[in-house]
1. Name the residue that is most open to solvent (accessible area, probe 1.4 Å), counting only residues in segment 20-47 that are modelled with pLDDT of 90 or more and in a loop (DSSP other than H, G, I, E, B).
2. What is the number of the single condition among (1) open to solvent by less than 10 Å² (accessible area, probe 1.4 Å); (2) free of Cβ contacts under 8 Å to residues at least 40 places away in the same chain that residue 268 does not meet?
3. Hey, among the residues in segment 233-259 that are within 22 Å of the chain's Cα centre (by Cα) and in contact (Cβ under 8 Å) with a residue 60 or more places away in the chain, which one's farthest from residue 283 (Cα to Cα)?
4. Those residues that are part of a helix (DSSP H, G or I) and either open to solvent by less than 70 Å² (accessible area, probe 1.4 Å) or in contact (Cβ under 8 Å) with a residue 60 or more places away in the chain (or both), I need them from segment 48-57; list them, please.
5. Could you grab me the full set of residues in segment 284-302 that are farther than 29 Å from residue 333 by Cβ and surrounded by fewer than 20 Cβ atoms within 10 Å (Cβ to Cβ)?
6. Anything in segment 196-218 that is open to solvent by less than 20 Å² (accessible area, probe 1.4 Å), over 13 Å from residue 147 (Cα atoms) and either at pLDDT 70 or above or touching a Gly at 6+ places or on another chain (Cβ under 9 Å) (or both)? List them, or say none.
7. Within segment 147-174, take every residue that is in contact with a Pro (Cβ under 6 Å, 6 or more places away or on another chain), buried (at least 18 other Cβ atoms within 10 Å of the Cβ) and not polar (S, T, N, Q) and give me the one that is farthest from residue 69 (Cα to Cα).
8. Right, residue 251: part of a loop (DSSP other than H, G, I, E, B) and either more than 26 Å from residue 103 (Cα to Cα) or open to solvent by less than 10 Å² (accessible area, probe 1.4 Å) (or both) or not?
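The values are calculated or read from the model by the stated rules, or taken from the named source; none is laboratory data. Remember, it's a predicted structure, so these values are computed and weren't measured experimentally. Quick reminder, even Gly has a Cβ in these numbers, built from the backbone with ideal geometry, and neighbours come from all protein chains shown. Areas reflect the complete protein model, heavy atoms only, side chains present, ligands, DNA and RNA absent. Shrake-Rupley method; radii C 1.70, N 1.55, O 1.52, S 1.80 Å.
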Amino acid sequence: MTNTLPTVLLFEDDPDGTRQALIAEIISQLAPLANARKFRHEPGHLLGTYEDRLKAELASELAQGTILMVISDMDLSATKGFVGLSETVVAKVFEREGIPVVSYGSGVKPDPVQRTEGAPGTGTLLIEFGNWPAMARQAYRLCAGFSDVRARLRELEQVPLGDRPRDLSDTIATVVGDPDVTHRVSLYLSGDQRFAASVLGQPQSKVHPKHYGPIGTWIFNSLLQFPGLFVNKVAAASYLNIDESVFGEAPIQNLFAPALYAGPFADTSDPLWWRDRLDQIIASADVEDGRSYAMQQLDRNDILPCMCSVDPKSVAGWYCMATRKPVSMQHSQGNISWFPPGSDLARISSKVIEELGPWYSV
C-alpha cells in the first residue's frame with residue numbers, strides 16, 4: 001500500500017510576482033513531508049460567500065482529510081477569483097475542519113506576548129515574515145510537528161480502550177513524550193478552558209486523530225512557548241544559573257543533552273529542555289544548581305552565573321516573556337493573568353512593567 005504524502009495548501013495572492021521564490025522555497029523544503037501547492041481558483045464556483053466557495057472548491061480534499069496544514073499570507077486581497085479575500089476567511093474554513101492555519105505578514109512577528117487574542121494556546125500560528133529560506137524552515141518545523149502529533153494520536157487510537165490516556169491532559173502528556181507530566185499539563189490547561197472544551201466535545205475516553213490541529217497548536221503556543229514544563233535556551237541558562245554565552249558552549253550543552261526535548265515541534269536550531277529532567281541531573285549529583293554541576297563535571301571554576309537583565313548584581317533564575325532575557329524574582333512580576341498557570345518560570349521584568357504595564361494587562 002502506497003503511503004501518500006499529505007497536502008499543505010498555500011494561499012498567496014502575490015500580485016506583483018515577487019513571492020514566487022518564497023512559494024518555491026516552501027514547496028521545496030516541505031517536499032520530504034508533504035505535497036505543498038499554491039491554491040488556484042477553479043472557475044465554476046461563483047455563487048455564495050467566500051467561505052462557501054472555498055469549501056466547494058476544496059470539497060473533495062476536505063472530505064478525504066488529505067490537507068494537513070494551510071499556510072496563508074494575511075493579505076489575500078488580490079487573489080484571482082476572490083478579490084478582497086482575507087486570511088480570516090481562510091482560517092474560518094479550515095479551523096472548522098480541525099486543520100491548522102499558519103499565517104505570515106509584513107511587520108507581523110510570532111511573539112507569544114503580542115497575540116491579538118491575548119490568551120495562550122489560541123489558534124493563532126505565525127511565522128516571521130522576511131527571509132524566504134528562514135520562513136520555509138519555520139513552515140517545515142510546524143508541518144513536521146503536526147505530522148508527528150497526528151501520528152501519535154493515531155497510535156493511541158490503536159491502544160485498547162482501557163489502556164488509553166484518561167483525559168485530555170493525559171493525552172497531551174503522552175503525545176509530547178512523558179505521561180508522568182500529566183499534572184503539569186493539567187496546570188497549563190486549567191488556564192485555557194475554551195481550548196479544553198473545544199476538544200472535549202467528544203467522550204474523553206476516545207482519542208481522536210482529527211484533533212491534531214487544535215492539540216498541536218496548543219502544544220506549540222502554550223506548552224512550548226511559556227517556560228515551566230519546558231525551557232528554551234535562555235530560560236534554561238537562567239534556571240540552571242549559567243551565563244547565557246557559557247551555556248552555549250559544547251561541553252556544557254553535552255552535560256545537559258539527556259534533558260533535551262525531542263517530541264513534536266522539536267527543533268535542533270532552537271532547542272528545548274525538559275525542566276524536570278534538568279532537575280534530575282542536578283539532584284543525582286547532589287549539587288546546588290546547574291552551574292555547580294558543570295564546574296564539578298568539567299573541573300572548571302570559570303563558569304559565570306546567570307545574572308538578571310534588569311539588575312546585573314542579582315542572580316536571575318526566571319525568564320522575561322517580553323524581553324526574552326533572564327530576570328530575578330525581585331525585579332520581575334509573575335502570575336500575569338494571561339500566562340498559563342503551569343508556566344511558573346515566565347515573568348515580566350519590572351522595567352517593562354514600568355514602561356508598558358497597561359499594554360501587557362499587568
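1. 32
2. (1)
3. Looking at the filtered set, the residue picked out is 234.
4. Correct list: 50, 51, 53, 54, 56, 57.
5. Across segment 284-302, the qualifying residues are 284, 285, 286, 287, 295, 296, 297, 298, 299, 300, 301, 302.
6. Within segment 196-218, 196, 199, 218 qualify.
7. 173
8. no
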